[in-house]
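Shown next, in structure tokens, is the structure this report addresses.
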Amino acid sequence: MNFISIIRLPDFVTKKDFDWAIEEATKKKKQDFSKVEFLTYDEGICVQCIHVGSYDNEPATVELMHKYMEENGYVLDITDKRFHHEIYLSDPRKCNENKLKTVIRHPIKKK
């Protein structure tokens, strides 16, 4: 399984600021941060839903999203440049599994 972990940066953070932060973190933590990238990502049109509950139950939410998408004239558009992604709103270490909140987002396009 491959995944990318992304943290949104404020718009005022530039590539120059980012490079400086990577250099400083590398020096202070004495770790290799060379794989960390400054990534700009334009999602385009998507279908999304907030899933409440266990991660194991996400497929049912995804099925509902896909049904909605198809009923409204769209098809799934997950590619090597358009990603399925999840935004975790709850900390599973501090939250009951039944109350976990996750935004699930899938890229779509018109049929």
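Bear in mind that the values in this text are calculations on the coordinates, not laboratory data. Note that the structure is predicted; figures quoted are calculated from it, not measured. We place every Cβ from the backbone using ideal geometry, glycine too, and count neighbours over all the protein chains shown.
Here are the numbers for this structure:
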| item | result |
| --- | --- |
| Which numbered condition Glu43 misses (of (1) surrounded by 11 or more Cβ atoms within 10 Å (Cβ to Cβ); (2) on the phi > 0 side of the Ramachandran plot) | (2) |
| Given (1) within 11 Å of Cys49 (Cβ to Cβ); (2) touching a Leu at 6+ places or on another chain (Cβ under 7 Å), number of the condition Pro92 does not satisfy | (1) |
